[in-house]
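Quick note: the coordinates plus some simple rules give every number you see, no bench work behind them. Every value quoted in this text rests on a predicted model; they were computed, and no experiment measured them. Cβ coordinates were reconstructed from backbone atoms using ideal geometry, including for glycine residues, and neighbour counts include every protein chain displayed.
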Amino acid sequence: MITLTNLYKRYNNRDGREAPWVLKDINLTIPKNVSVGLLGRNGAGKSTLLRLIAGMDSPERGRVERHCRVSWPIGLSGGFQSSMTGRQNVKFVARVHGAGMDVHRIIKSVEDFAELGSAFDRPIKTYSSGMRSRLNFGLSLAFDFDVYLSDEATAVGDRAFKDKAAKAFKDKVGQSSLIMVSHSEGILKELCQAGIYLTNGQAQWYDDINDAIAAYHKETGPSGSSKLSAVSCKTTPSQPPP
């Protein structure tokens, strides 16, 4: 379970002036074993909320309580040491997370999943943003978290890799849960049961992902600039975890 209490977040301007709140007075309880789709217009604060849940950023006010093991946001390409190779970064993270004798297994798993070829042994600073995201994706899935956070992770790479990414999430449902940002309506419906809709800094919880999607469409309209794509991944519909 993850609890957000009186959560506020904003990023002040460089000249010191106070910026508008990105998120304000958010109170949510995300239950155990429920996968959640996070929706909102571009700039609504979806990535910010994921970073706060992950502990990668701190709120201005309020608190985030995690009663489970939460991943870092898959799909965000930051967090790597740029002068180290992909292999060295994976080895370092594995050791930090106490992988012990499993370090070599984790390295092999990430190498196979990310499909970077010889680039796996080149410095991260030579990677494209897509390559970083693929490495991040493979690294996250190599660990057993209770909740996986995804920021458009299934949109990385070519069609084959997107299908592979969607299947990887599908395989995790039932063992773990997801909190994911995606502009693919099909992905959200297949992988998530509930939804959180962000608008004007506020968050609304929906027990049914279809209701969250409907709320999104009601605000943006059929021609909204942040319109969800109806494209679906080729997997069978998910079942709510026990």
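For the chain, the Cβ-based charge dipole about the Cα centre amounts to some 500 debye (Lys, Arg positive; Asp, Glu negative; other atoms uncharged).
Considering only DSSP beta bridges whose two residues both sit in the chain, what percent are antiparallel, to the nearest 5? Provide the component values of the computation, followed by the final result.
Details: 16 of 34 bridges.
Looking only at bridges with both residues in the chain, the antiparallel portion is about 45 percent.
Which is farthest toward the positive dipole end of the chain among His67, Ile2, Gly138, measuring Cα position about the Cα centre, with Cβ charges +1 (Lys, Arg) and -1 (Asp, Glu)? Of the options given, the answer is Gly138.
Find the eigenvalues of the gyration tensor of the Cα atoms of the range 28-154, then list the square roots of 5 times those eigenvalues as equivalent ellipsoid semi-axes, largest first, in whole angstrom. Don't skip to the end; give the middle numbers.
Working: eigenvalues 141, 59, 34 Å².
Equivalent-ellipsoid dimensions as semi-axes: 27, 17, 13 Å.
With the chain treated as a Gaussian network of Cα nodes joined by springs under 10 Å, which of Val36, Val147, Val22 yields the largest mean-square fluctuation? Top of the fluctuation ranking is Val22.
Here the Kirkwood formula, the inverse mean of 1/r across different C-alpha pairs, assigns the chain a hydrodynamic radius of 18.6 Å. Annotation: amide H of Asp151 within the under-5 Å range of Ile74, Gly75, Leu76, Val181, sequence separation 5 or more or interchain, hydrogens built in the peptide plane. A protection proxy built from the mean count of other Cβ atoms within 10 Å ranks the segments 205-213, 181-189, 128-136, most packed first, as 181-189, 128-136, 205-213.
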